[in-house]
Amino acid sequence: MTESQLSSKKIREFKPGDRIIGFFIVRKKELKTKKDQTPYILLELGDQSGRISCTLWDNVKSFYDTINVGDMVKVKGTVIIYNDSQQISVEKIRKAKPEDKITEKDFLRRGNIETEALKNRLKITMESVKNSSLKSLLQ
C-alpha cells in the first residue's frame with residue numbers, strides 16, 4: 001500500500017492492523033500518568049468521519065508543549081484495539097505545515113445530502129408558506 005493510499009482512509013474506515021498516515025485535528029489533549037508515575041499524553045484525533053484516541057509515550061514534555069487542541073497534525077501509526085476501542089499506536093506525529101495545504105475545513109463533518117438537493121427542499125418549503133410577509137422574509 002502506498003503512502004497516498006494510506007492517507008486517503010478516514011477514521012470510520014479504520015480496521016485493527018491498518019497502517020495509517022494521515023492528517024487529523026486534535027480534539028482533546030490530556031496529560032496522564034502511568035502506575036509507575038511516568039507521564040503520557042492521551043489525544044483524541046478527528047476527521048470528517050469521526051474520532052479516535054491515540055497515546056504518546058515518548059518525548060511527552062516536548063509534545064505536550066507543542067501540540068494543542070485545535071492543531072492539525074500528521075500521524076503515522078497502526079490501528080490497534082485497546083480496552084475494546086480502536087486507537088492509533090503512534091510511530092510519528094507532527095504539526096501540519098503550510099506546504100501540507102491542510103485547513104480546518106478539511107475536518108468539518110459533511111452531511112450525506114448534496115447541496116442542490118438541500119436547495120430544492122428549501123425552495124419547496126418556502127413556496128408552501130401561505131403568509132405573504134413570511135414568504136417575503138424567507139425569500
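The values are calculated or read from the model by the stated rules, or taken from the named source; none is laboratory data. Not measured: the values here are computed from a predicted model. In this analysis, Cβ positions are derived from the backbone assuming ideal geometry, glycine residues included, and neighbour counts consider all displayed protein chains. Note: accessible area is taken over every heavy atom of the protein model, side chains too, but ligands, DNA and RNA are not part of it. Shrake-Rupley method; radii C 1.70, N 1.55, O 1.52, S 1.80 Å.
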How many residues does region 75-88 hold that are part of a strand (DSSP E or B), open to solvent by 50 Å² or more (accessible area, probe 1.4 Å) and farther than 14 Å from residue 23 by Cα? 5
Scanning region 46-74 residue by residue, those of a type in the set (D, E, K, R) and part of a strand (DSSP E or B) turn out to be 47, 51, 74
Can you tell me which residue in region 24-59 is most open to solvent (accessible area, probe 1.4 Å), limited to those that are among the hydrophobic types (A, V, I, L, M, F, W, C) and touching a helix residue (DSSP H, G or I) at 6+ places or on another chain (Cβ under 7 Å)? 31
May I ask you to verify whether residue 139 is open to solvent by 70 Å² or more (accessible area, probe 1.4 Å), touching a residue at least 12 places away in the same chain (Cβ under 8 Å) and either farther than 15 Å from residue 25 by Cβ or among the hydroxyl-bearing types (Ser, Thr, Tyr) (or both)? yes
Name the pairs: first residue in region 80-96 and without any contact (Cβ under 8 Å) to a residue 40 or more places away in the chain, second residue loosely packed, with under 12 Cβ neighbours inside 10 Å and among the aliphatic types (A, V, I, L, M), Cβ to Cβ under 9 Å, at least 6 apart or on different chains? 87/81
Over region 99-133, the set of residues among the polar types (S, T, N, Q) and at pLDDT 80 or above is 103, 120, 125, 128, 131, 132, 133
